[in-house]
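Enquirer: Before I ask anything, here is the structure I am working with.
The values are calculated or read from the model by the stated rules, or taken from the named source; none is laboratory data. In this text, all values refer to a predicted model and were calculated from it rather than measured experimentally. Positions of Cβ are generated from backbone atoms using ideal geometry, with glycine treated the same way; all protein chains shown enter the neighbour counts. In case anyone asks, the SASA skips ligands and DNA or RNA and just uses the protein heavy atoms, side chains included. Shrake-Rupley method; radii C 1.70, N 1.55, O 1.52, S 1.80 Å.
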Amino acid sequence: MVMRIVRPTWKREIGLKSWAKGTDQAMIIVTSPARDKGTAFLKRKREVWNWQPSIDRTIKLPPSMMLQSWMGSDFTNDDLVKESSVVQDYTHTLAGDTIIDNRPCYKIIMIPKEEAAVVWGKVITYIDKKDYLQLLVYFYDEDGELVNTMKASDIKMLGGRLLPARMDMTPADNPQNHTIIEYRSLVFDVPLEDGFFSIQNLKRVK
C-alpha cells in the first residue's frame, strides 16, 4: 500500500507492506522512501513494538502513545495497529440508516466500555448494508468533540474480495490536512506461522 500525507504546502509519500493473522497479530514495514525504509511495527494482542533501524532500537509503545501521529500522518498509532478491539471494547447501538455514495448504510454508534483501555470517547461508523463495507467513520474524544473523519472509497476487487482501496483521514481541527492510504494489492489466506510475528523478525522482515 501507499500512504500520502497531504499538507497545504507539501506532500509526502510512504510505501508500506503489511501482514496480519486474525485480529491479534500484525506487522507493518516501511518500504520507501530510503530514509525510512526498514522501519517496522509489530502488534501482538494489546502490545505494540516499533523497530527503528536508524538508531538500531526496538521500542515498545505505551498506551499513552496510541493517539500520537503515525509516521507524521493524520492516522494515529491506534489506527494502524488497532490496539483496541472494536468488538470487545465497545458497546454497539444501531442508530438508523443513511446513504453514502449511493449505498444504503447502517449507522452504528460505538461507546467504549468502562474498563476498556481505548483512545476514543465515541466512534460513529457507517456500514454498507449489502457488502458490509465500512464507508465512513467519525472519531470523537472523551469530551464528545470530533477529532478525525475517515472516508473509504474506490471500491473494487482486491484479492478476490470487494473492498475499498482508498481511505482518507481528515482531522477536524485542520481540514486542509489529510492522509490517504491506497491498497495496491491484497492476498488472503496466506499461511503464516505465529513465529513470524516476533520482535526478532521485526529486524529481518522485508
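Enquirer: Trypsin sites (Lys or Arg not before Pro), restricted to the stretch 1-74: which are DSSP loop and have at most 12 other Cβ atoms within 10 Å?
Expert: On the way: sites: 4, 11, 12, 17, 21, 35, 37, 43, 44, 45, 46, 57, 60; in loops: 35, 37, 45, 46.
Within the stretch 1-74, the qualifying trypsin sites (Lys or Arg not before Pro) (loop, at most 12 other Cβ atoms within 10 Å) are 35, 45, 46.
Enquirer: Please compare each pair in 60/156; 21/60; 43/151; 21/129 to a cut-off of 29 Å on the Cα-Cα distance and tell me which ones are over it.
Expert: On the way: 60/156 36 Å; 21/60 20 Å; 43/151 24 Å; 21/129 26 Å.
Violating the 29 Å Cα-Cα cut-off are 60/156.
Enquirer: Go through the stretch 105-206 and name the chymotrypsin sites (Phe, Trp or Tyr not before Pro) that are in a DSSP coil and have 13 or fewer other Cβ atoms within 10 Å of their Cβ. Could the numbers behind the result be given before it?
Expert: Details: sites: 106, 120, 126, 132, 138, 139, 140, 183, 188, 196, 197; in loops: 120, 132, 183, 188, 197.
Sparse-neighbourhood loop chymotrypsin sites (Phe, Trp or Tyr not before Pro): 132, 188.
Enquirer: May I pose another question? What FRET efficiency would be calculated for the residue pair residue 129, residue 55, taking the C-beta separation as r and a Förster radius of 41 Å, to the nearest 0.05? All intermediate terms of the calculation are to be shown ahead of the outcome.
Expert: Details: r = 48 Å, r/R0 = 1.17.
It comes out at approximately 0.30.
Enquirer: For the stretch 1-95, with every protein chain kept in place, what is the accessible area per residue (1.4 Å probe, Å²)?
Expert: Numbers: 5010 Å² over 95 residues.
That works out to 53 Å² for each residue.
Enquirer: Right, next: Using a Gaussian network for the chain with springs between C-alpha atoms less than 10 Å apart, which of these wobbles most: 135, 67, 192?
Expert: Largest GNM mean-square fluctuation: 192.
Enquirer: Suppose we flag GluC sites (Glu not before Pro) only when DSSP calls them loop and at most 15 other Cβ atoms lie within 10 Å. Which is the longest uninterrupted stretch of the chain? Can you show the working numbers first?
Expert: On the way: sites that count: 114, 115, 142, 145, 193.
My reading of the result: 1-113 is the longest stretch.
Enquirer: How much length would be gained if the chain were fully extended between residue 184 and residue 99, taking 0.36 nm per residue of separation minus their Cα-Cα distance, in nm to one decimal?
Expert: 27.9 nm
Enquirer: A further question follows. How much of the pair distance distribution for the stretch 85-206 lies past 19 Å, counting alpha-carbon pairs only, in percent?
Expert: For the stretch 85-206, the share of Cα pairs beyond 19 Å comes to 61 percent.
Enquirer: Can you give me the orientation-averaged projected area of the convex hull built on the Cα atoms of the chain, in nm²?
Expert: Working: hull surface 49.1 nm².
Result: 12.3 nm².
Enquirer: Divide the volume of the convex hull of the Cα atoms of the stretch 121-172 by its number of residues and quote the answer in cubic angstrom per residue.
Expert: With only Cα atoms used, the stretch 121-172 gives 68 Å³ per residue.
Enquirer: Would you work out what percent of the accessible area of the stretch 104-206, with all protein chains in place, is carbon or sulfur (probe 1.4 Å)?
Expert: Numbers: 2960 of 5960 Å².
Reported share for carbon and sulfur atoms: 50 percent.
Enquirer: Based solely on its DSSP helices, what 222 nm [θ] is calculated for the chain when runs of n ≥ 4 H residues each add -39,500 (n - 2.57) and the sum is averaged over all residues, nearest 500 deg cm²/dmol? Please report the intermediate quantities before stating the final value.
Expert: On the way: 2 runs with 9 residues, N = 206.
Taking each H run of at least 4 residues, the total per residue is -500 deg cm²/dmol.
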